[in-house]
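One structure below.
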Amino acid sequence: MSDDPTHVREFFGARAAGWDSRFPDDGPAYAAAVNELGLRPGDAVLDAGCGTGRALPPLRSAVGPTGTVLGADLTPEMLERAHAAGRGGTDGTATLLLTDVGRLPMRDGALDAVFGAGLVSHLADPVAGLRELARVVRPGGRLALFHPIGRAALAARHGRQITPDDLRAEPRLRPVLAEAGWRLVSYVDEDTRYLAVAVREG
């Protein structure tokens with residue numbers, strides 16, 4: 001799939017209505033990944049590219065009522081589904097932002113952590129996108145790049161094989177993260193999940 005923002009928006013916009021029903025069993029994997037982010041009560045966290053907001057309830061549980069949960073996505077239809085599912089809005093789990101995660105409307109160091117499910121492969125410029133996420137996270141804050149199935153399983157789902165140039169492969173991802181201001185501290189790529197956790201340098 002293209003990483004051009006217009007194509008990304010069109011792709012996900014056309015699939016938003018049935019997105020959650022396509023992947024009904026992913027909830028526990030999202031909750032487990034959020035748990036590994038090491039959030040504390042009162043923390044501020046962003047779900048970057050939140051889609052229909054499946055990570056937002058476990059993020060809210062992790063930071064508690066005094067914490068801040070934001071969900072950002074550039075596809076209006078995805079955010080509408082998040083609202084409809086009770087995961088956003090004034091009475092919801094999180095504040096939802098219609099924005100490109102490569103240009104976030106927030107101050108430097110505003111967040112304690114960022115969660116990104118299926119995000120990195122959709123960044124038009126991965127270093128620039130990850131650098132923008134680093135900008136809004138305090139030094140020592142964390143980033144989790146997640147997918148509920150591993151690279152090989154995801155490629156097989158699309159009738160492909162994984163290749164060495166895959167950005168999510170550890171040898172490629174580590175230097176990209178480092179260039180953007182992150183230090184990779186853990187990496188898991190199994191059939192049942194993909195999770196790379198990094199710490200904000202500086």
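The values are calculated or read from the model by the stated rules, or taken from the named source; none is laboratory data. Here the structure is a predicted model, which is why all the values come from computation and not from measurement. All Cβ positions, even for glycine, are placed from backbone atoms using ideal geometry, and neighbour counts span all protein chains on display. These area figures cover heavy atoms from the full protein model, side chains too; ligands, DNA and RNA do not enter into them. Shrake-Rupley method; radii C 1.70, N 1.55, O 1.52, S 1.80 Å.
Summary table below
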| quantity | calculated |
| --- | --- |
| For the chain: accessible area per residue (Å², 1.4 Å) | 47 |
| Antiparallel bridge percentage (DSSP; both residues within the chain; nearest 5) | 45 |
| Exposure rank, largest accessible area first [ARG138, ARG87, ARG183; 1.4 Å] | ARG183, ARG138, ARG87 |
| Solvent-accessible area, 1.4 Å probe, carbon plus sulfur percent, for the chain | 51 |
| Sequence-distant residues sharing a close amide H with LEU97 (under 5 Å, placed H) | GLY71, ALA72, ASP73 |
| In order through the range 96-105: 3J(HN,Hα) via Karplus (6.51 cos²θ - 1.76 cosθ + 1.60), integer Hz, x for Gly, Pro | 9, 10, 8, 7, 7, 5, x, 9, 7, x |
| Euclidean distance between Cα centres, the range 26-51 to the range 114-155, Å | 13 |
| Relative packing of peptides 25-37, 164-176, 140-152 - highest average C-beta neighbours within 10 Å first | 140-152, 25-37, 164-176 |
| Which of THR75, THR192 is most accessible, then next, and so on - probe 1.4 Å | THR192, THR75 |
